[in-house]
Amino acid sequence: MKALIQRVSSANVVVDSETVGEIDRGILILLGVEKEDNEQRADKLLKKILGYRIFPDQEGKMNLNVQQVNGELLIVSQFTLVADTQKGLRPSFSSGASPELGEQLYDYFTEQALKSGLTIANGKFGADMKVSLCNDGPVTFWLES
């Protein structure tokens, strides 16, 4: 399971001209699911994201996690994160999860995130989404489980 996380001051997702998810200060999580992924990997990745210290403390150092700043999470499925781009000029998606497994683990990841007590928003799995964000920093990290 792969995640590209971005510290944001705001972010939203629009599907068919309708805003389906929106947050203020927090983390935009672009989530990719591979065919070998499972609930344990989802749990591990979520734990890492929730504990990842990417928010500034009083001295401006990245010492606080999203829970410590009462931030929000916007979770967006992004199949293209699992692409193999090593060869040629066209990405290969052979390591990507089936749509059924991808949606199952995306939903599971979201359900577990809700248990954190943070405000959680989502994109729409499998939809053509327009994601807007104000990257705070910019601060962006690539995480895998």
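The values are calculated or read from the model by the stated rules, or taken from the named source; none is laboratory data. Fair warning: this is a prediction, and the values are worked out from it, not measured in the lab. Here the Cβ positions follow ideal geometry from the backbone for every residue, glycine too, while neighbour counts run over all protein chains shown.
Quick test of your reading of the structure: ARG41 fulfils all but one of (1) of a type in the set (D, E, K, R); (2) modelled with pLDDT of 95 or more; (3) assigned to a loop (DSSP other than H, G, I, E, B). Name the failing condition by number.
(3)
Rundown of residues vs (1) under 16 Å from the mean Cα position of the chain (by Cα); (2) over 19 Å from LEU4 (Cα atoms); (3) of a type in the set (Val, Ile, Thr), yes/no style:
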{"position": "TYR52", "(1), (2), (3)": "yes, no, no"}
{"position": "GLU59", "(1), (2), (3)": "no, yes, no"}
{"position": "LEU74", "(1), (2), (3)": "yes, no, no"}
{"position": "VAL82", "(1), (2), (3)": "yes, no, yes"}
{"position": "GLN86", "(1), (2), (3)": "no, no, no"}
{"position": "SER92", "(1), (2), (3)": "no, no, no"}
{"position": "SER95", "(1), (2), (3)": "no, no, no"}
{"position": "PRO99", "(1), (2), (3)": "no, yes, no"}
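Name the residues in the stretch 136-145 that are over 12 Å from the mean Cα position of the chain (by Cα) and loosely packed, with under 14 Cβ neighbours inside 10 Å, would you?
Initially, the stretch 136-145 is screened for residues over 12 Å from the mean Cα position of the chain (by Cα), giving 136-139, 145.
Matches in the stretch 136-145: GLY137, PRO138.
Name the pairs: first residue in the stretch 4-22 and exposed (fewer than 14 other Cβ atoms within 10 Å of the Cβ), second residue hydrophobic (A, V, I, L, M, F, W, C), Cβ to Cβ under 6 Å, at least 6 apart or on different chains?
That search, which allows pairs on different chains as well, returns SER9/CYS134.
Out of ILE49, ILE5, I need the residue that is at pLDDT 95 or above, assigned to a helix (DSSP H, G or I), among the aliphatic types (A, V, I, L, M) and within 25 Å of ALA127 (Cβ to Cβ). Which one?
Details: ILE5 fails: assigned to a helix (DSSP H, G or I).
The conditions single out ILE49.
Which count do you get for residues in the stretch 87-120 that are assigned to a loop (DSSP other than H, G, I, E, B) and β-branched (Val, Ile, Thr)?
Applying the first criterion (assigned to a loop (DSSP other than H, G, I, E, B)) to the stretch 87-120 yields 87-91, 93-95, 97-98, 115-118.
If we keep only those that are β-branched (Val, Ile, Thr) as well, we get none.
So the count comes out to 0.
Can you pull out every residue in the stretch 101-135 that is surrounded by fewer than 16 Cβ atoms within 10 Å (Cβ to Cβ) and of a type in the set (Lys, Arg)?
Selection gives LYS115, LYS130.
Do we find a residue being modelled with pLDDT of 95 or more, touching an Asp or Glu at 6+ places or on another chain (Cβ under 8 Å) and part of a helix (DSSP H, G or I) anywhere in the stretch 121-140?
Looking through the stretch 121-140, none of the residues is modelled with pLDDT of 95 or more, touching an Asp or Glu at 6+ places or on another chain (Cβ under 8 Å) and part of a helix (DSSP H, G or I).
Looking at the stretch 46-66, I want the residues that are surrounded by 15 or more Cβ atoms within 10 Å (Cβ to Cβ) and have a partner that is among the acidic types (Asp, Glu) and not in a loop (DSSP other than H, G, I, E, B) with Cβ atoms under 9 Å, at least 6 apart or on another chain. Which pairs are those?
Sorted first by the residue in the stretch 46-66, then by its partner, the pairs are PHE55/ASP136; VAL66/GLU72.
Are any residues in the stretch 90-113 at pLDDT below 95 and hydrophobic (A, V, I, L, M, F, W, C), and if so, which ones?
Residue satisfying the conditions is PHE93 alone.
Quick check: anything in the stretch 48-55 among the aromatic types (Phe, Trp, Tyr) and either in contact with an Asp or Glu (Cβ under 9 Å, 6 or more places away or on another chain) or closer than 15 Å to PHE141 by Cβ (or both)? So that I can check it myself, show each step before the final result.
In the first step, residues of the stretch 48-55 are kept if they are among the aromatic types (Phe, Trp, Tyr); the result is 52, 55.
Subset that is either in contact with an Asp or Glu (Cβ under 9 Å, 6 or more places away or on another chain) or closer than 15 Å to PHE141 by Cβ (or both): 52, 55.
Within the stretch 48-55 (the criterion being among the aromatic types (Phe, Trp, Tyr) and either in contact with an Asp or Glu (Cβ under 9 Å, 6 or more places away or on another chain) or closer than 15 Å to PHE141 by Cβ (or both)), the answer is yes, since at least one residue qualifies.
Quick check on my filter: what residues within the stretch 104-117 are aliphatic (A, V, I, L, M) and in contact with a strand residue (DSSP E or B) (Cβ under 6 Å, 6 or more places away or on another chain)?
The initial filter retains those residues of the stretch 104-117 that are aliphatic (A, V, I, L, M), namely 105, 113-114.
Result: ALA113, LEU114.
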